[in-house]
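A.B. asks: Pasting a structure here, questions to come.
Quick note: the coordinates plus some simple rules give every number you see, no bench work behind them. Nothing here was measured: the structure is a model prediction, and the numbers come from that model. Every residue, glycine as well, gets a Cβ built from its backbone with ideal geometry; the counts of neighbours run over all protein chains shown.
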Amino acid sequence: ARRGTGTEDVGKTDTGDGKEKYRGLKDKRLELKKNHQKEELKKEVDLEDHKLSIKELERKYGTNIVTGLSSTQAAELLARNGPNALTPPKETPEIVKFPQADGAILCWIAYGIQYFNDKSSSLDSVYLGCVLALVVILTGIFAYYQEAKSTNIMASFSKMIPQQALVIRDSEKKTVPAEQLVVGDIVEIKGGDKIPADIRLLSTQGCKVDNSSLTGNLTPSLRTHDNPLEAENPWNKMSTSPVGTATGMVINTGDRTIIGQIASLASGVGHEKTPIAIEIEHFVHIVAGVAVSIGILFFIIAVSMKYYVLDSIIFLIGIIVANVPEGLLATVTVTLSLTAKRMAKKNCLVKNLEAVETLGSTSIICSDKTGTLTQNRMTVAHLWFDNQIFVADTSEDHSIFDQSSGTWASLSKIITLCNRAEFRPGQESVPIMKKVVVGDASETALLKFSEVILGDVMEIRKRNRKVAEIPFNSTNKFQLSIHETDDPSDKRFLMVMKGAPERVLEKCSTIMVNGQEQPLDDSTAEAFHTAYMELGGLGERVLGFCHLYLPADKFPETYSFDVDTVNFPTSNLCFVGLLSMIDPPRSTVPDAVTKCRSAGIKVIMVTGDHPITAKAIAKSVGIISANSETVEDIAKRLNIPVEQVSKRDAKAAVVTGMELKDMSPEQLDELLTDYSEIVFARTSPQQKLIIVEGCQRQDAVVAVTGDGVNDSPALKKADIGIAMGIAGSDAAKNAADMVLLDDNFASIVTGVEEGRLIFDNLKKTIAYTLTKNIAELCPFLIYIIAGLPLPIGTITILFIDLGTDIIPSIALAYEKAESDIMNRKPRHKKKDRLVNAPLAIYSYLHIGLMQALGAFVVYFTVYAQEGFRPSALINLRVEWEKDSVNDLEDSYGQEWTQYQRKYLEWTGYTAFFVGIMIQQIADLIIRKTRRNSIFQQGLFRNKVIWVGIASQIIIALILSYGLGSVSALNFTMLRPQYWFVAVPHAILIWVYDEVRKLFIRLYPGSWWDKNMYY
Amino acid sequence: MQRLGPSLWTWDSSWQQAPATSLPLGVQKILLGSAFTSKIKVVLNQGPKKEILVLLPLGVSSLLNLWVQLQGCLFLGTFPAFILLFYLVFYGFLTAMFTLTMWVMLQTVSDHTPKYQDRLATPGLMIRPKTENLDVIVNVSDTESWDQHVQKLNKFLEPYNDSIQAQKNDVCRPGRYYEQPDNGVLNYPKRACQFNRTQLGDCSGIGDPTHYGYSTGQPCVFIKMNRVINFYAGANQSMNVTCVGKRDEDAENLGSFVMFPANGNIDLMYFPYYGKKFHVNYTQPLVAVKFLNVTPNVEVNVECRINAANIATDDERDKFAGRVAFKLRINKT
């Protein structure tokens, strides 16, 4: 039924467009599905809840639209129908995923060759094939495990931001998790909420619904109703309503909703790749490309050197295995999830991993003011009525101001009535200021203020029953409601309005002074402006209040108000007073703003508030620094017209939405580049979007923070949208990439730091991983060219890549930031690549080569001390590898059987492996920093590094002494002294890198810096 | 100095007496000065805190200035030439370092005896003629097929000629090791015992028209034991080589054979071996096996092993430890 009606509904407002789209969508989903499923869907179309009257509905669902369901009923229904949540789509079976793992193809080719080769050669090749296959399976399992784990993390994230629904149960408004909604619940929806289930509207006020998730149409469809009883359009779960309020009855939950049904038809949707993943994949492709080209080059060389083709293919595989960092993908996955976890601990909930990295490269932050820079804990600070400013300090004795004035009586009534906020039930014993309120910040402040001064607000509201209401929205900038009066003799309706003072004043023709209405003349308007500027200048949010008693003759008791057509006057009201609230800046923000500055990040404030308010807050948090002036400030100081001020002198600018409206994109660009400190005030959601686009035109990576529904377009548009976890609406959270759980701007700075850190540390990890590739590759090249017995086997290489090197490279993710991390400019998306030329060159041609030499020393030592001096090894390969040669003479005239040589060769492998491992320890230590000395960084600050080093040594010990007898692994027990042969080279690596870093620090900008800093 | 320009080098007025220089390079800063107070101060600033404070005696200042100048030229120089120079120096240095460590390593290795013989506990056995797959295939009618074996054997046995042996080596007492200990002084070169070609009897190939029996289908195969330095084969007991067919049918097909020296004996006097450098004229003892009536046109798997007290011949992995397996095939039409 809701399916059918939902479609019809969209059809009604979108003139059939939505219907077609929906049909198209449905057809698409159904294309591959079996026919009977279609039938099932069609069957449901027969039910037509929207045709039923409310009474019939109540009967059908056993509910009551005023009192709602009882808790027991709800629990019963919940148990019967299950939670109101979508069943997640089925995961692709893991077996299917394994062959997708990288390198699989390589392995199967290798395996095939091995099998082909097996017929004539020893078992070694089979072992290699098996190990390669094992590697692929293991990486597959690991990748699957990580994916499952991160899916779990994401799932827990989405649990941590549960969707809430305001529901009437047991005659009380309750906030319950949307999952617990049951059929028959009466829910209230306000602007920005996601519709929690399929609901049938009971009443609505200026409510629009965005059915984009259903129709793909992004224009919210306006739903108008003359009579609440005729509100017959069921709304669909997942739709968002950006504006207005509505009440509705849940008619379907969970998988039985329209979205649920579509979702169950749609199989898993592919994940998008994060930029960091793209970067890494790109890098792996480059490495693989290099590996394959070196491999093929040497294949050709080998063939032309008259090696057997089959042998040459084995060389090729060896070279490729040596070059491909098998363990890197696993390492990176772990590193990223570690950072995501670490950020979650610091209250930055990352919705997609992309955001971690993007935040690090952010160059402009467009911050919302309320809630992010300030505490979002509005308290009423001042009142202005009877041409006087009163201080309202709700925390102390509240009788400071004169409450006897008639104006105050009217004002207090407006404050009380024109307010949608309510205390959450069940907090009678809680002090007023600490009570939890359902409502936004300023309404909460007003509610608490009036509760403190007037007593039971709910009782007053009950006595003045509300008959109609226009909720606040950013377009109107006012809120209006119409009430019956509590005076039984007064049959007039009282219309109360609050909103942006200038908007409210526009609608007024009279002003109340000392309880008497007076015409609004220039002098009173002047007084209003003075007071407004004074309060606003203090950085306070000022609200104007006015009212109008609607004449009883025109608006009889039975008059039906319609907020969509506005069949009542909204002008010529009586202005009553101003009230200002302060939202104090968060104590951590000024520091965070300074940090952003020094990190090269421009902080722009974008707010809907008055310019003066905005400027005051901007100054107090340091977005406009203490010594910078705007053009207006300079003009005022020098007492000259604004036009005469040189724009160059001003660092700061406060731009209002009005000014922005008249600006061309070029002018905006100019504005954004010319001023380092910018505040946008009185901006509309569209303008926020324009600002973000303007920033992006400057090639900046823009982060946008926001909490309201009006922010969500900008959040979507931004490179990284940051929503507030506490104050944020669902719409904002959905649009954002990251959620700040504590709503604190300072958390962004930690996020930026983490983002930069992860990038730096990934660089270090990759540099570390790449280095040994040369040490693994050189043996093959030397083997082919100089004919030495093979210094290191393919299986041994895999043990380095996937054994000893894994934990150390993960350990680098725990490395603390080098001191300058927040003092440098943000990374340029395209210029500062993860893997740049200096990194590759330094890793390959400097440290890598040193490592190779060091490992060769160990290798030669083992051979020389066992009888084969280096000179004897050259071009020994052919004889060495012949199975039939069992009396090969060494440098001392001794003769060796094939197995004895093979065993020595394995000892050589182990020696080379140990040589690389020892030098990788040095490599790990030098990779801790890229610029600073290790001693500046502290050798022992990162304990995990030492865990990594210990793991390296332990794994090597186990391989050599524990598994030395397993011939398939090609390890042997190594004499203890061989473990120390590479130590001088390891120390050399360390010293060399210290020298490199020293010169980088001494000569920034020199060719050394340019070529050696990665 | 000149090329660095005034923007990098400025006189600091507070160091009037002591010529001081300050290098405002980005965040970092170096202050160098040589004071008449016989000390110079090097202040390395990084960020807000001072990292290093070095006080050096006066004499170093000029050196340091030179170094700073040199560094300045090196590190602020133009790009490609310096890169080339750098890599030249760098790789030169690496080569030197590698050579040095290799040299140091080779100092640990003696010229005469290997440092370790971990893998050589059991000497292997090997046959002559040496063939690609350890198979001795003789087509009696086809001279070409065995001529290469004969050539190899002629060459192999040449040092065993009695004349050469008599000229170079000693006649030793059989049945005991011929030990020549150094006793503190290098006893060099060491003498070796004679192994005369004539000891190989019918397989000596001297004046042999049958070419070690290859032309008649009764080939000689020579068994030798691998040389291992300081290995006392047999542990003071006599040892000999025996050959059998690997499987029952091989034994049948193998037929009879004779061994030279008789019984396949290897005398203790040829041990120990002192290495190529010491034991210059060492002659390896041989055992020749002449197969008299191998079933023709059948591949026969022969295995010969040494029976010695201290040589294990049952190593699972090393198929040539103390033994040798080869294929024998006599093709007759």
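A.B. asks: Would you mind ranking A:649, A:564, A:707, A:890 by Cβ crowding within 10 Å, fewest neighbours first?
C.D. replies: Ranking A:649, A:564, A:707, A:890 by Cβ neighbours within 10 Å, fewest first, gives A:649, A:564, A:890, A:707.
A.B. asks: Okay, next question. If R₀ is 51 angstrom, what is the calculated FRET efficiency for the pair residue B:265 and residue A:995, using the beta carbon separation as r and rounding to 0.05?
C.D. replies: Efficiency computed from Cβ-Cβ geometry: 0.15.
A.B. asks: Given the Cα-Cα distance of residue A:338 and residue A:487 and 0.36 nm per residue of separation, how much length would full extension add, in nm? Mind dumping the intermediate values first?
C.D. replies: Numbers: separation 149, 0.36 × 149 = 53.64 nm, distance 6.42 nm.
Extra length from residue A:338 to residue A:487 when fully extended: 47.2 nm.
A.B. asks: Determine, from the Cβ-Cβ distance of residue A:310 and residue B:167 and an R0 of 51 Å, the FRET efficiency 1/(1 + (r/R0)^6), rounded to the nearest 0.05. Intermediate results must be reported in sequence, preceding the final value.
C.D. replies: Details: r = 49 Å, r/R0 = 0.96.
With R0 = 51 Å, the Cβ-Cβ based efficiency is 0.55.
A.B. asks: What whole number of Å gives the distance from the Cα centroid of region A:953-1014 to the Cα centroid of region A:785-851?
C.D. replies: 12
A.B. asks: Within 10 Å of each Cβ in B:111-123, how many Cβ atoms from other chains are there, averaged over the peptide?
C.D. replies: 6
A.B. asks: How do B:282, B:273, B:91, B:177 rank when sorted from fewest to most other Cβ atoms within 10 Å of their own Cβ?
C.D. replies: By the 10 Å Cβ count, ascending, the order reads B:91, B:177, B:282, B:273.
A.B. asks: Please average, across the residues of B:95-102, the number of beta carbons from any other chain that are within 10 Å of each residue's own beta carbon, and give a whole number. Display every interim value, and only then the final one.
C.D. replies: Details: counts 1, 0, 8, 9, 1, 2, 12, 7.
Shielding by partners across B:95-102 averages 5.
A.B. asks: Cross-link list A:902/B:130; A:462/A:733; A:651/A:831; A:716/A:1010; A:346/A:733: which exceed 26 angstrom alpha carbon to alpha carbon?
C.D. replies: A:462/A:733; A:651/A:831; A:716/A:1010
A.B. asks: Quick one: Cα centre-to-centre distance for region A:583-644 and region B:203-227, in angstrom?
C.D. replies: Taking the Cα centre of region B:203-227 as reference, the centre of region A:583-644 is 105 Å away.
A.B. asks: Next up: Taking N as the number of residues in region B:113-240, what value does Rg over Cα atoms divided by 2.2 N^0.38 Å take?
C.D. replies: Against the empirical 2.2 N^0.38 Å value, I get 1.28 for region B:113-240.
A.B. asks: By per-residue mean of other Cβ atoms within 10 Å, what is the highest-first order of A:801-812, B:147-158?
C.D. replies: A:801-812, B:147-158
A.B. asks: If you don't mind, another one. Assuming 1.002 mPa s and 20 °C, estimate D for region A:814-912 with Stokes-Einstein, Rh taken as the Kirkwood radius over Cα pairs, in µm²/s.
C.D. replies: The Stokes-Einstein estimate is 124 µm²/s.
A.B. asks: Shifting gears a bit: Using a 10 Å cut-off on Cβ to Cβ distances, tally the other chain neighbours for every residue of B:130-142 and report the average as a whole number. Walk me through the numbers before you get to the answer.
C.D. replies: Numbers: counts 4, 1, 4, 3, 4, 1, 0, 0, 0, 0, 0, 0, 0.
Other-chain Cβ atoms within 10 Å of each residue's Cβ, averaged: 1.
A.B. asks: Arranged by the count of other C-beta atoms within 10 angstrom, fewest first, what order do B:190, A:341, A:831 take? Before the final figure, lay out each step's value.
C.D. replies: Values: B:190 22, A:341 11, A:831 7.
Taking fewest neighbouring Cβ atoms as first place, the list is A:831, A:341, B:190.
A.B. asks: Next question, about the same structure. Which order do peptides A:594-602, A:511-519 fall in by mean Cβ count within 10 Å, highest first? All intermediate terms of the calculation are to be shown ahead of the outcome.
C.D. replies: On the way: A:594-602: 18.3, A:511-519: 16.0.
Top of the packing list down: A:594-602, A:511-519.
A.B. asks: Sticking with this structure for a sec: What does the C-alpha gyration tensor say about the overall shape of region A:430-511? Classify as rounded when a/c is under 1.5, otherwise prolate if a/b is larger than b/c, or oblate.
C.D. replies: Oblate shape, in that a/c is at least 1.5 and b/c is the bigger or equal ratio.
A.B. asks: Further, regarding this structure: Starting with the highest mean, order A:536-545, A:917-926, A:965-974 by the number of other Cβ atoms within 10 Å, averaged over the residues of each peptide.
C.D. replies: So the order, starting with the most tightly packed, is A:917-926, A:536-545, A:965-974.
A.B. asks: Here is a follow-up. Pull out a ≥ b ≥ c, the square roots of the eigenvalues of the alpha-carbon gyration tensor of region A:547-610, then state rounded if a/c is under 1.5, prolate if not and a/b is larger than b/c, and oblate in the remaining case. Before the final figure, lay out each step's value.
C.D. replies: On the way: a/c = 4.97, a/b = 3.28, b/c = 1.52.
Judged from the Cα gyration tensor, region A:547-610 comes out prolate (a/c at least 1.5, a/b above b/c).
A.B. asks: From the alpha carbon gyration tensor of region A:594-681, can you work out the equivalent ellipsoid semi-axes (sqrt of 5 times each eigenvalue) and give them in Å, largest to smallest? Each step should come with its number before you reach the end.
C.D. replies: Numbers: eigenvalues 70, 53, 39 Å².
For region A:594-681, the ellipsoid semi-axes come out as 19, 16, 14 Å.
A.B. asks: Determine ³J(HN,Hα), in whole Hz, for all residues of region A:804-821 in sequence, where each value follows from phi through the Karplus function 6.51 cos²θ - 1.76 cosθ + 1.60 and θ = phi - 60°; x replaces Gly and Pro.
C.D. replies: Couplings: 5, 8, 5, 5, x, 6, 6, 4, 5, 5, 8, 5, 6, 5, 6, 3, 9, 4 Hz.
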